[in-house]
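Just so it is clear, none of the values below were taken in a lab; they were calculated from the coordinates. Quick caveat, the model's predicted, so the values are computed rather than measured. FYI the Cβ positions are ideal-geometry reconstructions off the backbone, even for glycines, and counts take in every protein chain you see.
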Amino acid sequence: MLEVEGVSKEYPSPQGSIRILSEVSFSLARGEAVSIMGPSGSGKSTLLYIMGALEPPTRGRVTLDGRNPFELKERELAAFRNREIGFVFQDHCLLPQCSVIENVLTPTLVSNSSDAGDAAERARSLLEEVGLGGRVNHRPAELSGGEKQRVALARALIMKPLLLLCDEPTGNLDQKSAEAVASLLFELHRRGEMILVVVTHNPELAARFPTRFRLADERFQKL
Ligand code: ADP
Ligand code: MG
């Protein structure tokens, strides 16, 4: 269960603090999938970073299965994020010098709990699932935009996160690749018990979610 309770976010500026989010509250159960739309600059990414424990809220709190990541020490916070939260950004953020499978395995390298053999096996099977079983040893530069995003998706899922956060995951893709990535997202979500939150500018993609939110003018509302 993800609980966002009264989350506000302000950034300091020379003219005084700028409020980005104001008292955002909602909760999502395991297995839920939601989209968030809203104009550019309305704070969608900021909200996602707060949910993903990358950025602390100014007020309020976020808990994942009752745990507040910002009560953890730095090291534990990093481990929590690595284990429980998967991220897919608009830009794939793959390491160019590493192969596809090495990229998928990066989250497992920093976690001391996972078995290296199992991790490689799981990375291969995830790459099969995203349709890239034949590309495990390619470099990112040898892949199309849609394929890179599918690698990013496999990397986000390698630790079996409880929460998968996607920030405009299809924003840089042509329509066909965007549809393929979106379909994969839904398919992979259906199989797991994770909570999926997708920020998107694409109304067709947003409409495919059973629950839709909109963020605009500091107001966060369920559509
Ligand atoms: P969106 O993803 O909806 O386009 P963002 O969450 O990226 O919006 O940004 C919301 C607002 O917060 C923008 O006006 C942006 O300039 C501001 N902002 C984001 N991050 C910071 C930061 N680290 N410091 C100051 N202002 C920021
Ligand atoms: Mg954004």
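In segment 161-181, how many are more than 24 Å from PHE26 (Cα to Cα) and not β-branched (Val, Ile, Thr)? So the answer is 10. When we screen VAL100, VAL110, VAL34, VAL104 for residues that are out of contact with any Lys or Arg (no Cβ under 6 Å at 6 or more places or on another chain) and either within 23 Å of LEU173 (Cβ to Cβ) or within 16 Å of ligand 1 (Cβ to nearest atom) (or both), the only hit is VAL34.
Being closer than 30 Å to PHE70 by Cβ, of a type in the set (Asp, Glu), in contact (Cβ under 8 Å) with a residue 12 or more places away in the chain and surrounded by fewer than 21 Cβ atoms within 10 Å (Cβ to Cβ) holds for only one residue in GLU193, GLU129, and it is GLU193. Once segment 159-179 is narrowed to residues that are buried (at least 20 other Cβ atoms within 10 Å of the Cβ) and free of Cβ contacts under 8 Å to residues at least 40 places away in the same chain, the residue that is nearest to ligand 2 (Cβ to nearest atom) is THR170. Kindly evaluate ASN103 against the criterion of being surrounded by 13 or more Cβ atoms within 10 Å (Cβ to Cβ), within 30 Å of VAL7 (Cβ to Cβ) and of a type in the set (S, T, N, Q). No, not satisfied. Does segment 69-77 contain at least one residue that is among the aliphatic types (A, V, I, L, M) and within 26 Å of ARG191 (Cα to Cα)? The answer is no; no qualifying residue exists.
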